[in-house]
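Written out below as structure tokens is the structure these notes cover.
The values are calculated or read from the model by the stated rules, or taken from the named source; none is laboratory data. Remember, it's a predicted structure, so these values are computed and weren't measured experimentally. As a convention, Cβ positions derive from the backbone with ideal geometry for all residues, glycine included, and neighbour counts pool all protein chains shown. Calculation scope for accessible area: heavy atoms of the full protein, side chains included, ligands and nucleic acids excluded. Shrake-Rupley method; radii C 1.70, N 1.55, O 1.52, S 1.80 Å.
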Amino acid sequence: MICIFVNPRAGKGKALRLSAQLEQALSDRNIPFTVYTGYWPETLAGCSEAWIAGGDGTLNYFINHFKDIDIPLALFKGGTGDDFAWKLYGDIPLEEQINLVLYAQPRPVDAGACNGKLFLNSVGIGFDGEVLKSMGTIRKLGGHIGYLWIVLRKIFSFREYQFTIRHQDAEVSGKYLLVNIANSSRTGGGFMISPKADIHDGELNLMTCLKLSVWKRLRFLPVIEKGNHLGLPFVQHELVKHVHIDTASESYAQIDGELIRASHYNINILPGHFKFRY
């Protein structure tokens, strides 16, 4: 039995329309399914695989609701950003994705854990968190456009946090504009923050950007958006399995587009934790 999990609020109704298309496709193929909209069960008993209709926030809620599941998963673009769905399926049409999901063998996909909360895309501390505080505007304008608008506003007002970052045998302290720990490549509906990220290499990508003037923030925003920033002198990129990050005071962070606030972040990789059909 395929179980379809729908977030009725995702993508301003986009996920609901998507769910109807998935239901029709399965009905046409005489494949049994059940749909959960709004209310989700406590367990996945009776589900042979789970299809998720929603965005990155819906996916994050799902993997934290069912943290240790071992049935195959599929994700269909029903949100505002859809960054992880893009990582799995690119920009293929829905009908092509349905056929792919129906016949593809499940493949292991890494997850990350931050302060006990699972993620698949990334954790962004400081600037990313401050951007996400304006999530209402992002949703109103649309994923990437809304995200870009808020980023431009924050470029003029954000003040860097003091960080202490420890991983493996290294420890650094300083003020950073960006501190991002990524399992996947993209965030914000199209920002290629970690272009080299591989979702099944058993490692996380730690990317930091030093304090920058407003002019440099504006100058290099398009470079970061396109993923061409890893060679810049003020950007550091490293592969880690575990990282501990402290901020001098409580800071905002985003975990797969969900907002949290803390002063200590303990982050580690969970190799091959989920199985996706892609």
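Of all residues in the stretch 73-95, one or more are open to solvent by 20 Å² or more (accessible area, probe 1.4 Å), over 30 Å from ASN180 (Cα atoms), out of contact with any strand residue (DSSP E or B) (no Cβ under 7 Å at 6 or more places or on another chain) and not aliphatic (A, V, I, L, M). Is it true that HIS242 is under 22 Å from the mean Cα position of the chain (by Cα), surrounded by fewer than 16 Cβ atoms within 10 Å (Cβ to Cβ) and at pLDDT 95 or above? It is true that HIS242 is under 22 Å from the mean Cα position of the chain (by Cα), surrounded by fewer than 16 Cβ atoms within 10 Å (Cβ to Cβ) and at pLDDT 95 or above. The residue list ALA50, ALA85, ALA74, ALA45 contains one member that is assigned to a loop (DSSP other than H, G, I, E, B), at pLDDT 90 or above and of a type in the set (Gly, Ala, Ser), which is ALA45.
Against the criterion of being open to solvent by 60 Å² or more (accessible area, probe 1.4 Å), of a type in the set (S, T, N, Q) and either assigned to a strand (DSSP E or B) or closer than 28 Å to ILE52 by Cβ (or both), GLN236 qualifies. Against the numbered list (1) out of contact with any strand residue (DSSP E or B) (no Cβ under 6 Å at 6 or more places or on another chain); (2) open to solvent by 40 Å² or more (accessible area, probe 1.4 Å), ALA262 comes up short only at (2). Annotation note: Cβ proximity below 9 Å between a residue of the stretch 107-119 that is without any contact (Cβ under 8 Å) to a residue 12 or more places away in the chain and a residue that is open to solvent by 10 Å² or more (accessible area, probe 1.4 Å) and in a strand (DSSP E or B) (sequence gap 6+ or interchain) occurs for GLY116/ASN266. Of all the numbered requirements in (1) within 18 Å of the chain's Cα centre (by Cα); (2) modelled with pLDDT of 95 or more; (3) buried (at least 19 other Cβ atoms within 10 Å of the Cβ), ASN115 misses one, and that requirement is (3). For VAL35, the conditions (1) open to solvent by 50 Å² or more (accessible area, probe 1.4 Å); (2) of a type outside the set (Phe, Trp, Tyr); (3) touching a Phe, Trp or Tyr at 6+ places or on another chain (Cβ under 9 Å) all hold with the exception of (1).
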